[in-house]
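Notes follow once the structure below has been shown.
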Amino acid sequence: MNHTVKPRLTLLLAAPRGFCAGVDRAIKIVEQALKLHGAPVYVRHEIVHNRYVVDSLKAKGAVFVEELDEIPDTGRPVIFSAHGVAKSVPEEAARRGIFHIDAACPLVTKVHNEAAHHHHHGRTIALIGHAGHPEVIGTMGQLPPGAVSLIENEADARALQPADPRKLALLTQTTLSVDDTKDIIAVLKARFPDIASPSQEDICYATTNRQEAVQAIAGRCDAVIVMGAPNSSNSRRLVEVAQRAGCARAYLIERAGDIPFAEFGDARTLGITAGASAPEVLVNEAIAAIEARFEVLIEPVQTAEEDIAFNLPRELRGGAA
């Protein structure tokens with residue numbers, strides 16, 4: 001009998017990782033709407049950027065669409081995703097008499113409210129974010145065209161020419177890299193000393209905490225795995241943070257089957273985390289796949305405690321668990 005000895009591997013398990021309060025709330029909104037109204041319940045855009053989550057909600061009766069015009073006039077509820085939507089979306093829903101529930105993360109809604117406040121006070125807005133990301137589309141869509149300038153990098157910050165440099169405000173997408181954003185903000189503040197900015201940056205607590213946790217382990221790791229979807233902004237930032245913090249081999253992995261074990265031949269220490277929209281079941285799957293190949297010693301590395309929870313919208317509290 002051939003008893004192959006598995007190589008030893010230390011697995012540094014970053015915490016906090018995985019679901020944040022906004023994602024958790026958005027998923028519960030879909031589940032609760034299905035419980036109260038039955039299937040189908042329509043969801044505009046992926047509720048959160050994770051295929052596993054979307055597929056499991058589809059199995060329960062959620063129907064995902066990109067735009068409201070894909071929804072038949074059957075009086076079924078529609079839910080807007082956690083990323084937030086432009087003002088035109090609920091306006092169109094109201095015009096068509098569609099019962100809609102907004103699952104926007106409260107921290108995204110806070111940015112929308114800041115945008116409206118600055119606009120009301122005559123300021124133009126510099127929004128740091130990624131073009132085409134649903135959250136950016138939603139935030140820019142709170143105000144008339146031209147009221148918001150999108151800043152993707154330091155070059156954009158250097159090129160910005162606001163109508164009145166003394167009437168400028170700064171907002172950021174909630175899922176950005178803390179380090180990248182810091183550099184862009186420094187350029188804007190140097191150019192526009194009067195720029196109005198939030199007392200705390202808009203980057204959410206969960207994004208910041210997950211990035212700090214990865215930073216804490218990356219320097220000790222031969223490779224780092226980030227469980228998350230390729231279209232998840234916060235998951236992609238975790239890969240970049242790991243690489244910048246000293247681990248060149250950092251991978252964004254959707255499911256355990258995607259782990260590039262062939263590239264871990266010499267690895268003795270592996271780090272694992274998950275983006276804010278990735279469920280813990282995917283982390284457990286990955287750990288099981290690693291344990292099938294290695295003699296694993298798991299070492300949790302926790303850098304922050306999280307105890308934030310957001311209430312469900314009023315329309316769903318009737319039969320809430």
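Every read-out reported here was derived from the displayed coordinates using simple, explicitly stated rules and does not represent laboratory data. Because the structure is a prediction, the values reported are computed rather than measured. Counting neighbours? That spans all protein chains shown, and the Cβs are built from the backbone with ideal geometry, glycine included.
Considering only DSSP beta bridges whose two residues both sit in the chain, what percent are antiparallel, to the nearest 5? Kindly include the intermediate steps, with their values, before the conclusion.
Values: 0 of 41 bridges.
Roughly 0 percent of the DSSP beta bridges within the chain come out antiparallel.
Count Lys and Arg as plus one, Asp and Glu as minus one, and take only other residues whose Cβ is under 11 Å from that of ILE259; the net charge is then -2.
The GLU67 and HIS117 beta-carbon pair, evaluated with R₀ = 30 Å, returns a calculated FRET efficiency of approximately 0.55.
Within 10 Å of each residue's Cβ, count the other Cβ atoms and sort MET227, MET140 from fewest upward. Numbers along the way, then the final one.
Details: MET227 32, MET140 20.
Fewest to most other Cβ atoms nearby, the residues stand as MET140, MET227.
Only helices enter the 222 nm calculation for the chain: every DSSP H run of n ≥ 4 contributes -39,500 (n - 2.57), and dividing by all residues gives -11000 deg cm²/dmol, rounded to 500.
For PRO162, what charge total do you get from the other residues with a beta carbon under 10 Å from its beta carbon, if Lys and Arg give +1 and Asp and Glu give -1? Don't jump to the answer; show the numbers that get you there.
Values: positive: ARG123, ARG166, LYS167, ARG191; negative: ASP164.
Here the charged neighbours net out to +3.
With Cα atoms as the point set, the stretch 119-191 shows a radius of gyration and Dmax of 11.5, 30 Å. Arranged from fewest to most other beta-carbon atoms within 10 Å of their beta carbon, HIS120, HIS112 become HIS120, HIS112. Tell me, in nm to one decimal, what length is gained between ASN284 and THR4 on full extension, where the rule is 0.36 nm per residue of separation less the Cα-Cα distance? Between ASN284 and THR4, full extension yields an extra 98.4 nm.
For a Förster distance of 30 Å, can you work out the FRET efficiency between the beta-carbons of ALA147 and VAL178, rounded to the nearest 0.05?
Working: r = 26 Å, r/R0 = 0.87.
Given R0 = 30 Å and the Cβ-Cβ separation, E is 0.70.
Cross-link check: pairs LYS35/LYS60; LYS87/LYS167; LYS28/LYS60 evaluated at a Cα-Cα cut-off of 19 Å; pairs beyond the cut-off: LYS87/LYS167. Cα centroid separation, the stretch 175-237 to the stretch 73-119: 26 Å. When each of SER56, SER232 is scored by the number of other beta-carbon atoms lying within 10 Å, the sequence from fewest to most is SER56, SER232.
Indicate the gyration tensor shape class of the stretch 255-321 (rounded, prolate or oblate), computed on the Cα atoms with a ≥ b ≥ c the square roots of the eigenvalues: a/c under 1.5 is rounded; otherwise a/b larger than b/c is prolate and the rest oblate.
Values: a/c = 3.51, a/b = 2.34, b/c = 1.50.
Cα axes put the stretch 255-321 in the prolate bin.
The radius of gyration of the Cα set in the stretch 204-300, together with its Dmax, comes out at 12.2, 36 angstrom. In the calculated pair-distance distribution of the chain, the portion above 32 angstrom amounts to 36 percent of the Cα-Cα pairs. Taking a ≥ b ≥ c as the square roots of the eigenvalues of the Cα gyration tensor, the stretch 242-287 is classed as oblate, since a/c reaches at least 1.5 and a/b does not exceed b/c.
Using Cα springs under 10 Å in a Gaussian network model of the chain, which residue among ALA59, ALA33, ALA242 shows the largest mean-square fluctuation? Checking each option, the largest mean-square fluctuation is seen for ALA59.
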